[in-house]
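Participant: If you scroll down you'll find the structure; I have some questions about it.
Where a number appears in this text, it was derived from the coordinates with a stated rule and is not lab data. Remember, it's a predicted structure, so these values are computed and weren't measured experimentally. FYI the Cβ positions are ideal-geometry reconstructions off the backbone, even for glycines, and counts take in every protein chain you see.
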Amino acid sequence: MNTPAKNPKNWLREHSELGVGVLLFLLGVLVLTDALTLDTDVTGRGPVGPATVPLVVGCGLLVVAVLLTVDVLRGGRGEAEAGEDVDLTEPADWRTVLLLAGVFLAFAVLIGPLGFPVAGALLFWGAAYALGSRHLHRDPLIAAALSLFTYGVFDKLLGVPLPGGPLMGVI
Amino acid sequence: MDSLYSLIDGFGTALTPMNLLWAAVGVLLGTAIGVLPGIGPAMAVALLLPVTYGLEPTGAFIMFAGIYYGAMFGGSTTSILLNTPGESAAVVAAIEGNPMAKTGRGAQALAAAAIGHFAGGMIGTILLVVLAPTVAALAVDIGAPDYFALMVLAFIAVTSVLGSSRIRGLASLLIGLTIGLVGLDQMTGQQRLTFGSLQLADGVDVVIVAVGLFAIGEALWVAAHLRRTTGEAIPVGRPWLGRDDVRRTWKSWLRGPLIGFPFGAIPAGGAEIPTFLSYVTEKRLSKHKEQFGKGAIEGVAGPESAASASAAGTLVSMLTLGLPTTAVAAVMLAAFQQYGIQPGPLLFEREPDLVWGLIASLFVGMVLLLALNLPLAPVWAKLLRIPRPYLYAGILFFAAVGAYAVGGEALDLVILLVIGLIGLGMRRYGLPVLPAVIGVILGPAAEQQLRRALQISDGSLTGLVNTPFSVAVYTVVLILLAWPLLRKVITRRRDVTV
């Protein structure tokens, strides 16, 4: 057997899946608390009130959290998903993921003031940069073209409104 | 006979210029998506869900079905030329197709696959025309308890048949059900899991969940593990088949659908199992067993035909019972909900134009696909050269467009990112994504049917099993649940007799 006492840091890293159990447990507690604090005065309609299903789901989450924890402690592991462009032999590159999440959040903030065409182009350019593309001229050009084209198709052709922003106001 | 007349009417719908255009857009997009690695038909349909806000339903579903069938065609191209399947359904095609391409028979492999998809899709769709109205007629009287039973079947099937771990499947389903709970209770208007937020009171839109889990989750997961070197596709000419090849493959093309169609109709994981079964069958029946593993053409033809037929089988369950058996069907179900259309036995009565137009467009799409794929396969293969940063940046871009189009709210983008991060975590720890999506899509509907059924029976649980239909469905559920145990008993008995 491995010796967890000697190297608790390594043990935790190997058993990081326990965190999934903890999260599921917390989610279960959250769902149950919410269900139990529902206003019970208006539940007069039908034998099954609005709290019944949440209670079942919440209990289910607690049970699954415990089962999963037991499974992990007995050596069970969830298989990381494979894919065509996925190389599981390398350690995970969380820096790229953080960068992408940041770029995405920036888009959420900027779409209001800058409008879709500009914010969208920045999103594509930023994401491509985070993913390792370093073409100084090609990247922004493609980003701008894609963003303008999409804006045209959605806003004008499909009738799904997107904010034009100040740029579209000028044109 | 009635179906034949309805089908002819359906062709009237499908052959209008606009719908032809949507079918063409669908099969083009589908083929491209099938060829491209990292983007599957479920993600593609999820990314296109926003068009449901601007497009009428018939056109949208014709396009979605085109994507589904097209992705099957395109997926085998990647398998054969690159040895990395573009779709999970095309894994088997790589086993024989890639050795064929390496020995200079890539053109024949592509042709065997394309004609296999055509044959499988045609036979599968003909079976759909024959069977779907019958199934719908049998199920036409089903009420709340039956619907609830069907949804329980969907929940149990996706958690226990798919994936390697039932606990993880169940965890994923419960995450989905929880997301489905957010918002106002449909019957009493009580706020659940909204934490006082007005925007959450409307619930989390299905589009955002599907895009978040399928597109953002996948893009972030790939970003964390991006392969730095991409394989080079084997150059290939225009697909063609010699007389000898046709003599070897025509039986495989016809056998594939017999395996693929029934497996597509039941919740058993879509095309993966039937393509594999078809491969094993072809190997057993082949006169050229020694070629298997080194490039046997039957091993491409049979499984590819089975893959397309399974797509048709999937549509039977989805259209007649509202039961999604694959991820694509689940996302298409979400699209039906966007339009306020309830797929199920009544669909054929209430929306005949839509259903039959959709079915007729499948035939049209298949002909278009054959025409696109036979002569143009080398052109499609060029898509494999797209730089990966652009591909995944593009996925993030279109996911953002889709989520924003839902309601024009920046908050939706934040929710999308959060769900995407959940999807990333699920991929990391082997939680399958499909049960969560099915939970979000079917959860609220299942709750409503449950409460309706119990209201009728005045709270008595017998109200859930008072119809033959629901009893039959629960029997299937029990068999699924007991399957690991049953299998143990069966194998033990076999060991004893041997």
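Participant: Using θ = phi - 60° and the Karplus curve 6.51 cos²θ - 1.76 cosθ + 1.60, what whole-Hz ³J(HN,Hα) does each residue of the range B:345-357 get, with Gly and Pro shown as x?
Facilitator: Values per residue, Gly and Pro as x: x, 7, 4, 5, 7, 7, 10, x, 4, 5, 4, 6, x Hz.
Participant: Post the alpha-carbon centroid distance, the range B:1-15 to the range B:419-471, in whole angstrom.
Facilitator: So the two Cα centres are separated by 35 Å.
Participant: Using θ = phi - 60° and the Karplus relation 6.51 cos²θ - 1.76 cosθ + 1.60, list the HN-Hα couplings for the range A:60-66 in order, rounded to whole Hz, with x at every Gly or Pro.
Facilitator: With coefficients 6.51, -1.76 and 1.60, one gets x, 4, 4, 4, 5, 4, 5 Hz.
Participant: Does a label point 7 Å from the Cα of residue A:56, set along Cα-to-beta-carbon, have any residues of the range B:144-185 with amide nitrogen under 14 Å, and which are they?
Facilitator: B:145-156, B:174, B:177-178, B:181
Participant: Continuing with the same structure: Could you tell me how many cubic angstrom of Cα convex hull volume chain B has per residue?
Facilitator: On the way: hull volume 80.1 nm³, N = 498.
It comes to 161 Å³ per residue, whole-number rounded.
Participant: What distance in nm separates the simple spin-label points at residue A:138 and residue B:285, each placed 7 Å from Cα in the Cβ direction?
Facilitator: 4.8
Participant: Express the Stokes-Einstein translational diffusion coefficient of the protein assembly as shown in µm² s⁻¹, to the nearest whole number, given a Kirkwood radius over alpha-carbon pairs, 20 °C and a viscosity of 1.002 mPa s. Intermediate results must be reported in sequence, preceding the final value.
Facilitator: Working: Rh = 25.9 Å.
Translational diffusion coefficient: 83 µm²/s.
Participant: Between the helical axis of B:434-456 and the dominant principal axis of chain B, each derived from Cα atoms, what acute angle in degrees is found, rounded to the nearest 10?
Facilitator: Helix B:434-456 sits roughly 40 degrees off the main axis of chain B.
Participant: Further question: Using θ = phi - 60° and the Karplus relation 6.51 cos²θ - 1.76 cosθ + 1.60, list the HN-Hα couplings for the range A:111-119 in order, rounded to whole Hz, with x at every Gly or Pro.
Facilitator: Calculated HN-Hα couplings, in order: 4, x, x, 8, x, 5, x, 6, 4 Hz.
Participant: Could you grab the relative contact order for the range B:38-186? Cα pairs under 8 Å, six or more apart, rounded to a whole percent.
Facilitator: Values: 90 pairs, mean separation 17.9, N = 149.
Over the range B:38-186, the number comes to 12 percent.
Participant: For the pair residue B:276/residue B:410, report the inter-label distance in nm, with labels modelled 7 Å from Cα in the Cβ direction.
Facilitator: Rounded to a tenth, the inter-label distance reads 4.8 nm.
Participant: Per residue of A:100-109, count partner chain C-beta atoms within 10 Å of its C-beta, then hand back the mean as an integer. Could you put the intermediate results ahead of the total?
Facilitator: Numbers: counts 10, 8, 0, 3, 12, 4, 0, 7, 12, 3.
Other-chain Cβ atoms within 10 Å of each residue's Cβ, averaged: 6.
Participant: What does the helix-only formula give at 222 nm for the protein assembly as shown: each DSSP H stretch with n ≥ 4 adding -39500 (n - 2.57), the total divided by the residues, and the result rounded to the nearest 500 deg cm²/dmol? Please report the intermediate quantities before stating the final value.
Facilitator: On the way: 28 runs with 465 residues, N = 669.
So the calculated ellipticity at 222 nm is -23000 deg cm²/dmol.
Participant: When only alpha-carbon atoms are used, what values of Rg and Dmax, in angstrom, describe the range A:8-73?
Facilitator: 16.0, 54
Participant: For A:125-133, what's the mean count of beta carbons from other chains sitting within 10 Å of each residue's beta carbon? The partial results should precede the final answer.
Facilitator: On the way: counts 2, 2, 11, 10, 2, 5, 12, 6, 5.
Mean shielding count: 6.
Participant: By how many degrees, 0 to 90 and rounded to 10, does the Cα axis of helix B:166-181 deviate from the longest principal axis of chain B?
Facilitator: With rounding to tens, the tilt is 50 degrees.
Participant: Equivalent ellipsoid semi-axes for chain A, as square roots of 5 times the alpha carbon gyration tensor eigenvalues: give them largest first, rounded to whole Å. All intermediate terms of the calculation are to be shown ahead of the outcome.
Facilitator: Numbers: eigenvalues 361, 195, 33 Å².
Over the Cα atoms of chain A, the ellipsoid semi-axes are 43, 31, 13 Å.
Participant: Here's a follow-up. Determine the shielding of peptide B:177-187 by partner chains: average, over its residues, the number of Cβ atoms on other chains within 10 angstrom of each Cβ. Intermediate results must be reported in sequence, preceding the final value.
Facilitator: Working: counts 7, 11, 0, 2, 8, 1, 0, 1, 8, 1, 6.
Across the residues of B:177-187, the mean count of other-chain Cβ atoms within 10 Å is 4.
Participant: Mind giving me the nanometre distance, one decimal, between the label points for residue B:349 and residue A:30, set 7 Å out from Cα along Cα→Cβ?
Facilitator: Simple spin-label model gives 4.3 nm for this pair.
Participant: Expressed as a whole number of Å, what is the distance separating the alpha-carbon centroids of the range B:152-230 and the range B:350-379?
Facilitator: 31
Participant: How many lysine pairs does chain B hold where the Cα atoms are under 14 Å apart and the two sit 8 or more places apart or on different chains?
Facilitator: Values: B:102/B:294; B:251/B:283; B:251/B:287; B:283/B:294.
Count of close lysine pairs: 4.
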